[in-house]
Number of protein chains: 2
Amino acid sequence: MATLGDMGLSAAINILSALVFLVAFAILRLQPFNDRVYFPKWYLKGLRSSPTRSGAFVTRFVNLDWRSYLRFLNWMPDALRMPEPELIDHAGLDSAVYLRIYLLGLKIFVPVTLIAWTILVPVNWTNHTLAKSDVNYSEIDLLSISNIPLGSQRFWTHTVMAYAFTFWACYILQQEYAKVARMRLHFIASEKRRPDQFTVLVKNVPPDPDESISETVEHFFLVNHPDHYLTHQVVCNANKLAKLVKEKKRNQNWLDYYQLKYARNQSQRPMMKTGFLGLCGEKVDAIDHQTAEIERLSKEIAEERERVINDPKSIMPAAFVSFKTRWGAAVCAQTQQSSNPTLWLTEWASEPRDVYWPNLAIPYVSVSIRRLIIGVAFFFLTFFFMIPIAFVQSLANIEYIEQKAPFLKPLIEIKFIKSFIQGFLPGIALKIFLILLPTILMIMSKFEGFLSISGLERRSASRYYIFNIVNVFLGSIIAGTAFQQLNKFIHQSANEIPKTIGVAIPMKATFFITYIMVDGWAGIAAEILRLKPLIIFHLKNFFLVKTEKDRDEAMDPGSLGFDTGEPQIQFYFLLGLVYAVVTPILLPFILVFFGLAYVVFRHQIINVYNQEYESAAAFWPDVHGRIISAMVISQLLLMGLMSTKHAALSTPFLLALPILTISFHLYCKGRYEPAFRRYPLQEAMMKDTLERAKEPNLNLKAYLQNAYIHPVFKGGDDDEDEEEIIEKLEATVLVPTKRQSRRNTPVPSKVSGDSSPSLLDLQEKGRP
Amino acid sequence: MATLGDMGLSAAINILSALVFLVAFAILRLQPFNDRVYFPKWYLKGLRSSPTRSGAFVTRFVNLDWRSYLRFLNWMPDALRMPEPELIDHAGLDSAVYLRIYLLGLKIFVPVTLIAWTILVPVNWTNHTLAKSDVNYSEIDLLSISNIPLGSQRFWTHTVMAYAFTFWACYILQQEYAKVARMRLHFIASEKRRPDQFTVLVKNVPPDPDESISETVEHFFLVNHPDHYLTHQVVCNANKLAKLVKEKKRNQNWLDYYQLKYARNQSQRPMMKTGFLGLCGEKVDAIDHQTAEIERLSKEIAEERERVINDPKSIMPAAFVSFKTRWGAAVCAQTQQSSNPTLWLTEWASEPRDVYWPNLAIPYVSVSIRRLIIGVAFFFLTFFFMIPIAFVQSLANIEYIEQKAPFLKPLIEIKFIKSFIQGFLPGIALKIFLILLPTILMIMSKFEGFLSISGLERRSASRYYIFNIVNVFLGSIIAGTAFQQLNKFIHQSANEIPKTIGVAIPMKATFFITYIMVDGWAGIAAEILRLKPLIIFHLKNFFLVKTEKDRDEAMDPGSLGFDTGEPQIQFYFLLGLVYAVVTPILLPFILVFFGLAYVVFRHQIINVYNQEYESAAAFWPDVHGRIISAMVISQLLLMGLMSTKHAALSTPFLLALPILTISFHLYCKGRYEPAFRRYPLQEAMMKDTLERAKEPNLNLKAYLQNAYIHPVFKGGDDDEDEEEIIEKLEATVLVPTKRQSRRNTPVPSKVSGDSSPSLLDLQEKGRP
């Protein structure tokens, strides 16, 4: 058991390392040559440019003004100073609402901490249960529920506190949900004209032997939304083209690198090997080779581009359909189009930046099967991920290495190295897996067929959260792998499970306090240092950058990373809620995390991150739902714990808590969630009417025409003229309104075939 | 244990009683004076009238043609003869699809029975496990899985059969879902013009200090659906009025009864007591009293009607909004109107007959709370209903009666009466409860706030099904009350539960066979006899009927009763699926049930039942879902059973079955359910266009004006002129389109206040 002394030492180490990170950051950020690492957001906004070329050479790279070092924590008040509306304007609503999650943590846990310390800690402390018993205990346990004798009436305090904390958390959650919903509606209402307001993504366009996809789409919407349809843009399968463009870009980078190398040392031309990773194969002149490669790729790209534009097979059965009014788009996105519910599926188009292009053409049946496969795969990943890792670990022991690679034996036998390997190696496989986990989860989400990057991130986040609960939270409380837990739980009675876990909870408080200090204090402080982007920027800057534009590209502002960041915060919510009643001493540590993380991420959002997309806080229902689930988990575990304390009367009294919490969740879901999923017609109509009054002569068609063209057709870096391509694409993709293409095809088509022209005529005639 | 002989006896008794019912029916239905009991549907359709007055007096009441008695089972082929399209035309889609549930049972279980008897029965039979063992067994068990030795390889047969049966059932279910969805779409597409196609129910209209509900609704829809809004009809709280009208009707009946009595025996005027149920109180002249009562009620009704029409408080914040096109209504029903998702809630209006008027004004928050309350109440009803019944039973024993009512002692002490009471009394409380259960469940659903009768019936049906599973199925398998089961299960490991139940299943086969014969054979045969409507009709006919119109009203055709009938069928699906692999001998009994019930209900639907409403088979997703849940239950129980049979290898092999079944369900849900919940725009547009071409001058407004007026304002039986009332109502409820009512109210309203008139103007100007 960790004593208070151990805890103090651990705290000291972690606070010290956090301070080291902060000081290092304070120094590094003041150096002009790091400016683009620590303030990329301002560069992207065009509000900051490279340090002036004038002045001494040294001052262009190092800040020699000693006074600026004195104010090394100045960034903190700076970060807090920007008011929220300005922050929304500066970084988008997603980022501003993301910060509110940390604030929400503070709002919930500051009063909870105060009350817990004024009421629960004295109630726990003034007992002598642990002192009298023989068990090994730490000082921290004296402040926890463990110190209360079995069957004591004092457990009523904990029961009442559990109710109080639940009501407080629900109250704050409700307030926050209402606030975020209002912010979202206000944000959407005050937004400028954006293509996605007018556009709907249509999937599963049925094939028609008689018409192209583009014609089918146009005729369908001309018939069924005659007053609102404006234009559409079919989706091309440009995945191969995108791959080629990416390859060309990489070669271009290498060419730049070799040219720069040659320019610096003109005595010899740089050479390279053509084989795998440049490690084997023929040795050739690098500049010539890369130039040839680029030429080859340029030709291939041109061919592929022609093919994509002209080959009807590369047109996928999906389209972005734009409407004349927001009202029309809102109607189309929310209604069912065809009597076959798997055809003509409509949904709001994500904004162009947010579209995940490769998934646009997955058919309906395939999506169901993919969901099933990924569901099963995720189950196995969560509960059985230890099996392959244990296998790798069994391979990576010293005896095995000595056996397979005898020449390493003398080296390994050195005592220091041996103990290092023995201590380090078994963990490395697990560590690598945990680092790769978000990527694995993201690949799973991509395979599942989500259509927007924000959707992918939300799904990955919820999976990551479940993985954390099972393997980090439960895994730490009950020793053993998740699979062993599962096996144990299956053979246990349903109401034994919360007991088993609940009993272990107070004992693990010190472990989680250490965890919070390492991951939540030092980890967050390390975040602000941006070590990886710092190194990469300087490497790129040295090897690749020739022009100012190259330098702009070398800058990697990164983004918030909802899929990894949000589950981390949620884990602290879970810890706080679980330990609030049981071991209140843990709460201040969580408060420090929330406070520090809020400041750090506010700084990063203002100065660094550049969001890839704007979903207008569409993630909030997920955040809310996960906090609710943490509350229910904490309540069940508290019930389990209490039932072992012979507090017979207060335990059934707790039963109502999860029921009330879940009802509260359902209420919030009904009350606020539609604001995050659907677009109210009233709002749409209001914006339409205002716009029509302000700009009666707006050419909306021109505005929307090219909004949803695959990014490879827009990529600016190419030799070919961009506009020319878009024009070509239009020429193929768009059809004239009159069905002249039908002249040579007398067979009536299935969908909008023989009946649709007459319907169209009828509509024209029938309208009063 | 029941032997084959016992079973045979039981079968003989039940078949005999079923035959007695059928013969009695055959005789009774041929008597002309029963004509209105057994063929009311044809009377309602106007295709049949009372037996001609001509002819002998006797033949008007009794059928003397002996030949017609010979063909006493002729109604069966007659019932099967009507083809399905004609049936849909004759009785509606709901009834036709309801019959398909029985057909579905036959489609699933006929091949399953054949395969089970050719493969499973020989596999089970050719063992001697039970013969060798000491346990008491019946001959039926020799054909069941119990006869297979532990750990035998023969269990593979059962595993493979479980897969085969699951795939077959899924295949048939999918076919049926597709077929019903097609039928529904075809039915909706070929329907005549109906008010509900154009109408949307709007709930939670926000209060406006400045405008009446009617004005608020009109202005909101004129702004937000300018091209489609036609008219609307606010909802009045006429519950009290409806009650008064009902009371008056009852008094009228009594008056008729006394007048008829007086007419037959003019020697003395009939007398009645005014007190409770006519048992106590003052004795008065009955005819005078009833006439006075009716006069008083007529006056009260007139006053209340005035009040409802003129008092703004009786207008509820809900309205039926009608649109110019089906397209407009489909759009409005499927979209969100306001940015506050709890205001302006829209949903398809049920057809006028299907609306459940009293629930139209329950606000959003109240609905959530009501759901929660009913959820908890239903839980207690299911698991604790035995507690009050046991209490009543404890009161109703002989000693208690003798103690409380000593004067009854001599009577009770008679041996025959004593044993009768002892055998009968304890059961009577339970029996009364079970008879009342559907009513209790319906009251619960009404309290929950559903807005249509079909919705109420669907919810009651699903509750009844759950109650049946817990208390009839599990309660019969495991002795003891549901509460004892619950307690046992909570203290048991999660995977012990299927084992406990699974092991008991083969032992209960004989019990369920008897159950099927009593409830499914004799019960269904009794259904066709319509004993209760028969008696009530003749009583009414004798005491009340004066005119032909009265006789029409005395006729009670009844309706299908989805809320009790469907759970009964589902229970047979559950039994069949559970026992298909375990004890295949049960299957033929189920086949007889499905076959007999199909014929009987087909006959009833053709000749008797008159559906109250038409929901176009909206219940099918529920039916499908419950069969799927029965499949999953059967699979889990089979796994539990197999795991006790030491068939270690085949048990995990079964694990995939529930996963596959649930995935199949999710697939079907996504593929077909939207066809039952939403109205595709393509269909709406097609019908609109056709109609506009056919009837360009249709006055839709006049057609829709009075479609959704509360039935008490339409009731034909009143002295006041109906049209006059409707006119009055319109005058109050409808407002002129121009906002002249705002002249004296300068305060801007919250919802469509200051901004809306200008918006309206803008829209008019801004339109190109």
- Can you name every residue in region A:543-561 that is in contact with a Ser or Thr (Cβ under 8 Å, 6 or more places away or on another chain) and of a type outside the set (Lys, Arg)? A:Glu548, A:Leu560
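The rows are residues; the columns are (1) buried (at least 20 other Cβ atoms within 10 Å of the Cβ); (2) touching a Ser or Thr at 6+ places or on another chain (Cβ under 8 Å).
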| position | (1), (2) |
| --- | --- |
| A:Asn610 | no, yes |
| A:Ile628 | yes, yes |
| A:Leu655 | no, no |
| A:Ile659 | no, no |
- Message: Among the residues that make up region B:605-622, is at least one of them over 17 Å from the mean Cα position of the chain (by Cα), more than 30 Å from B:Val160 (Cα to Cα) and assigned by the TED database to the domain that holds B:Glu527?
- Response: yes
- Quick one: B:Tyr598 ticks every box in (1) open to solvent by less than 20 Å² (accessible area, probe 1.4 Å); (2) within 27 Å of B:Met76 (Cβ to Cβ) bar one, so which box is it? (1)
- Single residue of A:His186, A:His158 found to be crowded, with 19+ Cβ neighbours inside 10 Å and either within 14 Å of chain B (Cβ to nearest Cβ) or closer than 30 Å to A:Phe109 by Cα (or both): A:His158
- Which condition does A:Asp285 not pass, out of (1) among the acidic types (Asp, Glu); (2) over 30 Å from A:Pro317 (Cα atoms); (3) within 31 Å of the chain's Cα centre (by Cα), if it passes all the others? (3)
- Query: Given the conditions (1) more than 14 Å from chain A (Cβ to nearest Cβ); (2) touching a Ser or Thr at 6+ places or on another chain (Cβ under 8 Å); (3) modelled with pLDDT of 80 or more, and given that B:Asp519 satisfies all but one, which numbered condition is not satisfied?
  - Reply: (2)
- Task: Would you check if there is a residue in region B:695-705 being polar (S, T, N, Q) and closer than 27 Å to B:Gly455 by Cβ?
- Result: yes
- Item | Identity of the residue in region A:660-712, more than 10 Å from every other protein chain (Cβ to nearest Cβ) and hydroxyl-bearing (Ser, Thr, Tyr), that ends up farthest from B:Val223 (Cα to Cα) | A:Thr661
- By residue number, the members of region B:216-256 that are open to solvent by less than 40 Å² (accessible area, probe 1.4 Å), away from every other protein chain (no Cβ under 14 Å) and part of a loop (DSSP other than H, G, I, E, B) are B:Ala238
- Item | Residue check, B:Gly375 surrounded by 19 or more Cβ atoms within 10 Å (Cβ to Cβ) and within 11 Å of another protein chain (Cβ to nearest Cβ) | no
- Residues being open to solvent by 70 Å² or more (accessible area, probe 1.4 Å) and either under 21 Å from the mean Cα position of the chain (by Cα) or not assigned by the TED database to the domain that holds A:Leu44 (or both): count how many of those fall in region A:525-572. 3
- Task: Name every residue in region B:333-354 that is under 22 Å from B:Pro206 (Cβ atoms) and not polar (S, T, N, Q), in order of residue number.
- Result: B:Ala333, B:Pro341, B:Leu343, B:Trp344, B:Leu345, B:Glu347, B:Trp348, B:Ala349
- Query: Across region A:318-351, which residue is most open to solvent (accessible area, probe 1.4 Å) among those that are in contact with a Leu (Cβ under 9 Å, 6 or more places away or on another chain) and away from every other protein chain (no Cβ under 14 Å)?
  - Reply: A:Ser350
- Give region A:448-460 a look and list any residue that's modelled with pLDDT of 90 or more and either more than 13 Å from the chain's Cα centre (by Cα) or on the phi > 0 side of the Ramachandran plot (or both), or say none. none
- Picking from B:Glu306, B:Glu300, B:Glu295, which residue would you name as being open to solvent by 40 Å² or more (accessible area, probe 1.4 Å), more than 36 Å from the chain's Cα centre (by Cα) and not aromatic (Phe, Trp, Tyr)? B:Glu295
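The values are calculated or read from the model by the stated rules, or taken from the named source; none is laboratory data. Predicted, not measured: the structure shown is a model, and the values here were computed from it. With ideal geometry, Cβ positions are generated from the backbone for all residues, glycine too; neighbour counts draw on all protein chains shown. Accessible surface areas use protein heavy atoms only, side chains included; no ligands, DNA or RNA. Shrake-Rupley method; radii C 1.70, N 1.55, O 1.52, S 1.80 Å.
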